[in-house]
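Before any comments, here is the structure.
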Protein chains: 6
Amino acid sequence: MIMGANNQLTHFDESGASRMVDVGEKQITARVARATASVVMKASTWTTIRDHAIKKGDVLEVARLAGIMAAKQTSNLIPLCHQLPLDAVKIDFEVPQFDSEISSTTASLKIISTVSVTARTGVEMEALTAVSIAALTIYDMCKAIDREISIEHIELVEKSGGRSGHFIKK
Amino acid sequence: MIMGANNQLTHFDESGASRMVDVGEKQITARVARATASVVMKASTWTTIRDHAIKKGDVLEVARLAGIMAAKQTSNLIPLCHQLPLDAVKIDFEVPQFDSEISSTTASLKIISTVSVTARTGVEMEALTAVSIAALTIYDMCKAIDREISIEHIELVEKSGGRSGHFIKK
Amino acid sequence: MIMGANNQLTHFDESGASRMVDVGEKQITARVARATASVVMKASTWTTIRDHAIKKGDVLEVARLAGIMAAKQTSNLIPLCHQLPLDAVKIDFEVPQFDSEISSTTASLKIISTVSVTARTGVEMEALTAVSIAALTIYDMCKAIDREISIEHIELVEKSGGRSGHFIKK
Amino acid sequence: MIMGANNQLTHFDESGASRMVDVGEKQITARVARATASVVMKASTWTTIRDHAIKKGDVLEVARLAGIMAAKQTSNLIPLCHQLPLDAVKIDFEVPQFDSEISSTTASLKIISTVSVTARTGVEMEALTAVSIAALTIYDMCKAIDREISIEHIELVEKSGGRSGHFIKK
Amino acid sequence: MIMGANNQLTHFDESGASRMVDVGEKQITARVARATASVVMKASTWTTIRDHAIKKGDVLEVARLAGIMAAKQTSNLIPLCHQLPLDAVKIDFEVPQFDSEISSTTASLKIISTVSVTARTGVEMEALTAVSIAALTIYDMCKAIDREISIEHIELVEKSGGRSGHFIKK
Amino acid sequence: MIMGANNQLTHFDESGASRMVDVGEKQITARVARATASVVMKASTWTTIRDHAIKKGDVLEVARLAGIMAAKQTSNLIPLCHQLPLDAVKIDFEVPQFDSEISSTTASLKIISTVSVTARTGVEMEALTAVSIAALTIYDMCKAIDREISIEHIELVEKSGGRSGHFIKK
């Protein structure tokens, strides 16, 4: 396998020491990142969440707040991440649609975060942390009825601002 | 769809208010939880991680520490989670094996956490948070060379101690 | 003014040094504390909160979660407070009733927290912190429409467990 | 009751989802906020605080530091609050004056915070959090001698900088 | 150099992976640790601290509170440290004595912490963290007048409770 | 002893109240601080650390990460410290050299932090906190084999940027 110039892990210096990469010379620009995660659960778990939301407590609202608050904690969780005063955090859900999208046994709920900042470095990790903690919160609130929930496809879907240009996941 | 007695979300009371569930009457027992996550990356990303580990910085050690420290932060991240003074946290990796497990384009690294406590409630969320943050840390350290890494299959694989008995994911 | 033996501030030693009081000799018992706070706002602010809750976002649910999460942070906020792994946290609201309780200009919303623990010391501060941060969260979410909201009557209303017996505020 | 254009709760989007409001387009300006709280206690509690301060430990200094440190934690406590690197935090006390201001049974101590920042959004919540936690700290340190202390009148008294102009509470 | 059976670093497993050591089998006992640190400063810095304390602000009280609060944060700072709900934290100072102990150019202030817990593992790290952060706080408050302050001799001086017996530093 | 104009402790106001000093009028400039600490241990402790690093777990990597993460927590630990979004954090070690530098009984390991920021105030405290927590982490990981490790010479060695000019410790 041939590797090009980009096989560098910038969080290590030439001696192999981990470090917080110096962003002091980078431009302050408006940067946005979007990430997603999917929570795969039993179909009956989803209908319980959905039916509760109407009058007995909204799992998704709790997850949304957990995700927003976690975005602000990112630099305390990811060791080499910079501290960034976020401009905005938004979390949306794409819920399973009836009949068509709930298979006979499982349902898949999608979480989408959008995080923006005006800073020297991007907010990919904040967007990814937000969806991860939102998904874990859904697990926590449903684990008494469905211990086999899995969290899938945590990934960065879009990123703009900064030197590396506009990225959209194919 | 017929639901049995277990379609209750215990984090809400009868009026739909979220709450931290009362565990005061539960038994203090030794409890263990194990969770896993997979980090799916380009094969070349994996070989870069692997080659760095030898003499230029070990991504997996950073991820391991991030996961251990995150386990201790779980109750600050998951809104309705209890604060639990953990007895032990351990994080292992199953790395892609040569030829056979690295497909032509992608490699999958598995993270396994084992968390134990002597307490009134279990440590599923701590185990799940540990693998999630470890996985996100790998993303962070490799994002400059592989922005399309995805995190898959975050799930509880085993749980023991407590009233609900020994659970092993099929 | 005559003072009895109880005019001691136990958070200082005999030399006047602050300290975290030693609870090592105290009994582990089930302890509960309840606290309240009132948020006094314009009547129109209350009706906006109430009308939003139905279909446009529930201020009280956000406040409730903020209060629960803050209860877990109490020992990080109150300098000489012990760290206590809480058994349960619950937050209730007494909302203004129509006609009778919304005066021509202001409405008063009451927040009630109930916190329990099995520990060597009580959870008064956790209960008080929970209502305080819940109230501040309501302020935050409504400040764009009502900057003159005030928070009143933060107080301990009940406390049981522990050597000092059952306290109920008159 | 007729409501104008201002009955919007900006922390929710049009679908009712909570979010951290986008401040990316707002101007970076110097902003100041001042808040107050009153701690109402038995007159004998106040004289104990006052007499201790001279040579046996200063409750107000502990409260002051707690308030300053809490101002820096505001965005971790109030779910939708932005993270702001504060320029300054100051906490003052107006202590009950002798004879005239200590009534036969109660004394009222006033806490005033002044917080400033150069940022895209204001520091009302930081100022309010500072006085709230300072007040709770006084409660904590005096609760062994006066369990019926109440905290009153937590309110924003002044705010400047930013688009909405100079606000002074009447 | 011959090494005995004790050249094991227990925070690594046999494969070299870091981990939070399992304390689940250890006994819950009363444990105490004491640590010290010395802050070496210009003699004039010490006299400024001392003179301020009387009527213009007490550096040592701020440092004391910082140390107590830091003790409670230890497990968030030291990666493999267990979370321990402390029973008590106390910080004392041995101030330089006049003439005899302030040399012509420097003065040495000693900080002593005493931390206790009833738990499965000891509080050495809490005691050491407390004196370290207290010392750093003194540096912070005096750095405008003495940038060359150094912190010396951070060490564990006593430890009791637990299997390894009573340790007193010679 | 005669003191000049510089015997002011700026963290107190004229009445002796502690405060977070107002930096709103200061210039935003690139600022760097470097600090050091020495960990003095038994020679055999050092050789255990060194031998482990090769194949059984690297104490210094754990300490390095702890130091980097602690730098980001500085304003939560040092009461009157400003919150600063750091541009870079780097931690280096000067390890004892064979024969010459390991005395018959003790070895001294030096930790050097370099922290940079673009802000209104400097990062001395972040650099000092980083080396302190890195040193404490080494203590933690080695305490089972060497309880008498001491941490020495925590000091600021260089500082640039800001009004007070370039400082280098003699």
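The values are calculated or read from the model by the stated rules, or taken from the named source; none is laboratory data. In this text, all values refer to a predicted model and were calculated from it rather than measured experimentally. Cβ coordinates were reconstructed from backbone atoms using ideal geometry, including for glycine residues, and neighbour counts include every protein chain displayed. These area figures cover heavy atoms from the full protein model, side chains too; ligands, DNA and RNA do not enter into them. Shrake-Rupley method; radii C 1.70, N 1.55, O 1.52, S 1.80 Å.
So how many Å³ per residue does the convex hull of the Cα atoms of the range E:1-139 work out to?
Expressed per residue, the convex hull around the Cα atoms of the range E:1-139 is 164 Å³.
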- prompt: Do any GluC sites (Glu not before Pro) in the range E:52-121 lie in a loop, going by DSSP, with at most 15 other beta-carbon atoms within 10 Å of their beta carbon, and if so which?
  reply: E:Glu101
query: On average, how much accessible surface per residue is there in the range B:29-170, in Å², for a 1.4 Å probe, leaving out ligands, DNA and RNA?
result: 32
message: Considering only C-alpha atoms, what is the centroid distance from the range B:26-69 to the range F:117-170, in Å?
response: 29
query: At a Förster radius of 60 Å, what calculated FRET efficiency corresponds to the Cβ-Cβ distance of F:Thr29 and B:Thr105, to the nearest 0.05?
result: 0.80
task: Pop out the ³J(HN,Hα) list for the range A:112-121 in order, Karplus 6.51 cos²θ - 1.76 cosθ + 1.60 with θ = phi - 60°, rounded to Hz; leave Gly and Pro as x.
output: 10, 10, 10, 10, 10, 7, 10, 7, 7, 8
- line: Computed Rg/Rh for the range D:67-170 (Cα atoms; Rh = Kirkwood radius) stands at 1.02
- request: Rounded to whole Hz and in sequence order, give me ³J(HN,Hα) for the range F:17-33 from the Karplus expression 6.51 cos²θ - 1.76 cosθ + 1.60, θ = phi - 60°, writing x for Gly and Pro.
  value: 7, 6, 7, 8, 4, 6, 10, x, 8, 6, 6, 7, 9, 6, 10, 10, 9
statement: Unit-weight point scatterers at every alpha-carbon of the protein assembly as shown, Debye formula, q = 0.07 1/Å: log10 I(q)/I(0) is -0.57
- line: Inter-copy distances for E:Ile28, label 7 Å out on the Cα-Cβ vector, sorted ascending, nm, one decimal, are 0.1, 0.1, 5.2, 5.3, 5.3
Qualifying chymotrypsin sites (Phe, Trp or Tyr not before Pro) for the range B:40-149 [loop in DSSP, other Cβ within 10 Å: at most 13]: B:Phe98
query: How large is the helix-only mean residue ellipticity at 222 nm for chain F, computed as the sum of -39500 (n - 2.57) over DSSP H runs with n ≥ 4, divided by its residue count, in deg cm²/dmol to the nearest 500?
result: -10000 deg cm²/dmol
statement: Of every hundred units of 1.4 Å-probe accessible area on chain B, the number belonging to carbon and sulfur atoms, as a percent, is 50
field: Relative contact order for the range C:95-159, counting Cα pairs under 8 Å that sit 6 or more residues apart, in percent
entry: 24
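Counting only other chains, and only Cβ atoms inside 10 Å, what mean value do you get across the residues of F:107-117?
Counting Cβ atoms of other protein chains within 10 Å of each residue's Cβ and averaging gives 1.
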message: Check which residues have an amide H placed less than 5 Å from E:Glu158's amide H, if you skip close sequence neighbours.
response: E:Arg34, E:Lys169
Under Karplus coefficients 6.51, -1.76 and 1.60, residue-wise ³J(HN,Hα) of the range B:82-90 in Hz, glycine/proline x: 6, 7, 10, x, 5, 7, 7, 9, 9
message: Once the label point is set 7 Å along the Cα-to-beta-carbon vector, what list of distances in nm do you get between E:Glu94 and its counterparts in the other copies?
response: 3.0, 4.7, 5.7, 5.7, 6.8
message: For chain E, take the longest principal axis of its alpha carbons; what is the angle in degrees between that and the long axis of helix E:124-142, to the nearest 10 within 0 to 90?
response: 20
task: Work out the mean other chain Cβ neighbour count within 10 Å for the residues of E:30-38 and drop it here as an integer.
output: 1
query: Normalised by the number of residues in the range E:57-138, what is the relative contact order in percent for Cα pairs under 8 Å and 6+ residues apart?
result: 41
query: In nm, one decimal, shortest first: how far is the label point of C:Thr105 (7 Å from Cα along Cα to beta carbon) from the matching points in the other copies?
result: 2.8, 6.5, 6.9, 6.9, 7.9
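How high is the relative contact order of chain F, in percent, with contacts defined as C-alpha pairs under 8 Å that are six or more residues apart? Can you show the working numbers first?
Details: 321 pairs, mean separation 61.1, N = 170.
Relative contact order comes out at 36 percent.
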message: Please compare each pair in A:Lys26/A:Lys110; C:Lys159/D:Lys110; E:Lys110/E:Lys143; C:Lys72/D:Lys42; A:Lys159/B:Lys169; F:Lys110/F:Lys169 to a cut-off of 24 Å on the Cα-Cα distance and tell me which ones are over it.
response: A:Lys26/A:Lys110; C:Lys159/D:Lys110; C:Lys72/D:Lys42; A:Lys159/B:Lys169
message: If I take the rotation axis that carries chain D onto chain A, which residue of chain D has the nearest beta-carbon, and at how many angstrom?
response: D:Pro85, 4
field: 10 Å Cβ neighbours from other chains, averaged over peptide E:54-61
entry: 5
